[in-house]
Amino acid sequence: MGASEKQGSLTSASPGVAEPEPMVADAAEEWIAVASPGQLMWWKFRRHRMAVVSAAVLAVFYFVALFAEFFSPYDPNAFDAKYKFVPPMQISFINGEGNFTFRPGVYGLISHRDPETLRITYETDKTAWYPIHFFVRERPYKLFGLFETDIHLYGLGEEAGDLKIFVLGSDRLGRDMASRVIYGARISLSIGMVSVFLSLTLGVVLGGISGYYGGWIDNLIQRVIEFIRSVPTLPLWMALSAALPNTWSQTQRYFGITVILSVIGWTVLARQVRGRFLALRTEDFVLAARLNGASDLRIILRHMVPSFTSHIIASLTLSIPGIILTETGLSFLGLGLRPPTVSWGVLLQEAQNIRTVALAPWLLLPGLAVVISVLAFNFVGDGLRDAADPFNR
Amino acid sequence: MLQFIIRRSLVALVTIWIISIVSFAIIQLPPGDFLTTYAANLAAMGERVPEQQLAAMRERYGLGQPIVVQYLKWMRGVLQGDFGRSLEWGVPVSTMLWDRMGLTVLVGLSSVLFVWSFAIPIGVYSAIRQYSLGDYFFTFIGLLGLATPNFLLALVLMWIGFAWFGQNVGGLFSPEYSNAPWSVGKVIDLLKHLWIPMLIVGTSGAAGLIRTMRANMLDEINQPYVETARAKGLSERRLIWKYPVRVALNPFISTVGYALPDLVGGVLITAVVLNLPTVGPLLVRSLLSQDMFMAGAIVLIISVLTVIGTLLSDILLAVFDPRIRLE
């Protein structure tokens, strides 16, 4: 009983130590504002403008990925031989008669076949204009495998006939790039999350053991980490993922790759956790808890872990980009995920040779999605790292 | 000093030994033994392997014997420069590797030099002109370099070269030199092509190092000793390069050790896109076709070279900074 009381007074005392100056200023003189550490972190995070913007960008990305069926006009693997390598369509507010409208629309396509190279080229037909319909009802699907619906964010209505809308162009089989990038986001963004979670588990457990107990077990774990960090890991992971059986299903392969990727991430996290443990082990509040007879597990989980969760969240965020980049790289080389799974890396595989890229540069657009999300994760991670220690500076 | 070098070398030796085990494990990864695959491959092409030869190979690699024996037999071969036979090409792995390995090391080394010669001055500049336009510019470029996968940068550069300059920027040699024996002309041709992979691998490698260098410099630049030097009337230029830069370089050199493995990975992937005659494309190909002796050998050599590079940078660090030797 005594132990828990002391604890309570200790934790409630810490926010009072560093009073938030900016907020007190506009409050009444006598009124003392008390901000929780969470609030302090939020204020600090808000000051990092790029981080806030990036967080918003990521939120949009994840939202779109979550509702991929709704946001994508077509099935990502539906091909159409009539529309190969269609360049991104221009969205126009001028309709077929040359008048301005408030509805966005696209022009029809006229295809030509080059008599010598037999390559099909497309020309926009400015006289045929088809408005874009929003919340169109077509192609029924099951949202999250539960709700039957057929609403899509946008599409061409029935008057367009069999013309399709390609906002980001189409690939060599006439598949809609926009739909593919959206579905790819689902895989590429989730694989980062899932494997970061795995490496977190590994990192916290091993780093925790290493930092809390020290001694030979610390030594062993540190040598393993040093080994992993001193060899070029890429060829190793390439070899490992090449060894995944070809007979595996898409889902099995996804989790296989996830496991392989998280084996990269855990070393950095384990180092961080260990460093934190080493620093905290000698703190007074840990000593106080120990003197009160708290068990090891209780000290670790109730006293030490809460004081560095924010740091861990920050370094987690910073390690997601590496995972996304590695997955993209592996899939690009054909060693990671494979079609028909759609990830950004798989999509970039289509742009592997220079002739295709020269012919259809829009196939590089999934790369832009990779760059944006990796940048955003870096900024958010930076902001979180600064905010993780709100009592600093 | 000598003690330090010996200790570090021993650690490196142990690392190399573990690497050899890992590489051997990679060879064993695919199901079934490779000899059956080899015979099946040849049979598919309409060739028959004489039973005698198969038996000889079985003996040579210790197939059917305990795994430790297989490992020892493989290691003995490796130490004598025999990495086994490539199943895909039907020739000894070593004959295919050495040429490409030389070029790989060349691309890797030149990228390292490129990274160093850019990251250090830019990091110093960003620190002494903190929050200036230039600082923001380099930070932005650095972040972009960090966020762009190497192969994407390579693709974009190739596309720009192809679409706007009508040039194919891939490869390390012009067609007329690719199979020619070494000559002055070939070396010049190589240098003309080398800068592109160097630039691509360098930008992503440099980004991290610029940030490290900048942070280290910022830690040092407000130290009392800098103030003292300034008070003595030392010119700003001399002062910066003589004191804080030297101190800031130390953690920098030690990060280079960890940067090297990443850099090697970058070289591998970039080489695939640019179609360089290095081991990168060979590794990917061998992995895709499960040509495991080839893959294992490449992983082994690349890793060992990296460990040696790291060892050298550690020793270099100890030469620069006596504190390290006492550790």
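If you check every pair at least six apart or on different chains, which have Cβ atoms under 7 Å apart with a residue in segment A:251-271 that is touching a residue at least 24 places away in the same chain (Cβ under 8 Å) first and a residue that is charged (D, E, K, R) second?
Every condition considered, the pairs that remain are A:Arg253/A:Arg338; A:Ile257/A:Glu327; A:Leu261/A:Glu327; A:Thr267/A:Arg229.
Suppose the filter is at pLDDT 80 or above and out of contact with any helix residue (DSSP H, G or I) (no Cβ under 8 Å at 6 or more places or on another chain); does A:Arg223 pass it?
yes
Given the conditions (1) assigned to a helix (DSSP H, G or I); (2) farther than 22 Å from A:Gly192 by Cβ, report the number of the one that A:Gln352 does not fulfil.
The failed condition is (1).
Confirm whether B:Leu234 is under 20 Å from the mean Cα position of the chain (by Cα), more than 21 Å from B:Met198 (Cα to Cα) and surrounded by fewer than 17 Cβ atoms within 10 Å (Cβ to Cβ).
no
Starting from residues that are assigned to a helix (DSSP H, G or I) and more than 7 Å from every other protein chain (Cβ to nearest Cβ), keep the ones in segment A:227-246 and report whichever is farthest from B:Ala25 (Cα to Cα).
A:Ile228
Just for segment B:108-143: of the residues that are free of Cβ contacts under 8 Å to residues at least 60 places away in the same chain and closer than 25 Å to A:Leu234 by Cβ, which one is nearest to the other protein chains (Cβ to nearest Cβ)?
The qualifying residue nearest to the other protein chains (Cβ to nearest Cβ) is B:Leu109.
Going by the structure shown, is A:Thr317 within 19 Å of A:Ser199 (Cβ to Cβ) and within 11 Å of chain B (Cβ to nearest Cβ)?
no
If a residue must be closer than 25 Å to B:Gly202 by Cβ, at the interface with chain A (Cβ under 10 Å from one of its Cβ atoms) and either among the β-branched types (Val, Ile, Thr) or not in a helix (DSSP H, G or I) (or both), how many such residues does segment B:271-300 contain? Please lay out each step first, then the result.
Taking segment B:271-300 as the starting set, the residues that turn out to be closer than 25 Å to B:Gly202 by Cβ are B:271-284, B:298-299.
Subset that is at the interface with chain A (Cβ under 10 Å from one of its Cβ atoms): B:272-275, B:279-281, B:283-284, B:298-299.
In the following step, the residues that additionally are either among the β-branched types (Val, Ile, Thr) or not in a helix (DSSP H, G or I) (or both) were identified as B:272-273, B:275, B:279, B:284, B:298-299.
Counting residues in segment B:271-300 that are closer than 25 Å to B:Gly202 by Cβ, at the interface with chain A (Cβ under 10 Å from one of its Cβ atoms) and either among the β-branched types (Val, Ile, Thr) or not in a helix (DSSP H, G or I) (or both) gives 7.
Just the residues that are crowded, with 24+ Cβ neighbours inside 10 Å, among the small types (Gly, Ala, Ser), more than 10 Å from every other protein chain (Cβ to nearest Cβ) and over 15 Å from the mean Cα position of the chain (by Cα), please, taken from segment A:329-382.
Selection gives A:Ser331, A:Gly336.
Cβ-Cβ below 8 Å, separation at least six or inter-chain, first residue in segment B:58-80 and surrounded by 11 or more Cβ atoms within 10 Å (Cβ to Cβ), second at pLDDT 80 or above and hydroxyl-bearing (Ser, Thr, Tyr): which pairs?
B:Met75/B:Ser20; B:Val78/B:Ser20
Tally up the residues in segment A:89-135 that are surrounded by 13 or more Cβ atoms within 10 Å (Cβ to Cβ), free of Cβ contacts under 8 Å to residues at least 24 places away in the same chain and closer than 18 Å to A:Asp176 by Cβ, please.
Number satisfying all stated conditions: 1.
From the list A:Ser262, A:Ser249, pick out the single residue that is under 20 Å from the mean Cα position of the chain (by Cα) and more than 14 Å from chain B (Cβ to nearest Cβ).
A:Ser262
Regarding A:Ile132, is this residue β-branched (Val, Ile, Thr), part of a strand (DSSP E or B), under 23 Å from A:Glu69 (Cα atoms) and out of contact with any helix residue (DSSP H, G or I) (no Cβ under 9 Å at 6 or more places or on another chain)?
Judged against the criteria, A:Ile132 is a match.
A quick yes/no check of all residues on (1) at pLDDT 75 or above; (2) in a strand (DSSP E or B); (3) of a type in the set (Gly, Ala, Ser):
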position: A:Gly96; (1), (2), (3): no, no, yes
position: A:Phe102; (1), (2), (3): yes, yes, no
position: A:Ser111; (1), (2), (3): yes, yes, yes
position: A:Leu118; (1), (2), (3): no, no, no
position: A:Pro140; (1), (2), (3): yes, yes, no
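Contact list please: Cβ distance under 7 Å, first residue in segment B:147-159 and more than 7 Å from chain A (Cβ to nearest Cβ), second residue surrounded by fewer than 23 Cβ atoms within 10 Å (Cβ to Cβ), pairs at least six apart or on different chains.
Listed by first residue and then by second, the contacts come to B:Leu153/B:Thr203; B:Leu157/B:Val169; B:Leu157/B:Ile196.
The values are calculated or read from the model by the stated rules, or taken from the named source; none is laboratory data. Note that the coordinates shown come from a computational prediction; the quantities given were computed from them, not determined experimentally. Virtual Cβ from ideal backbone geometry, glycine too; neighbours counted across all protein chains shown.
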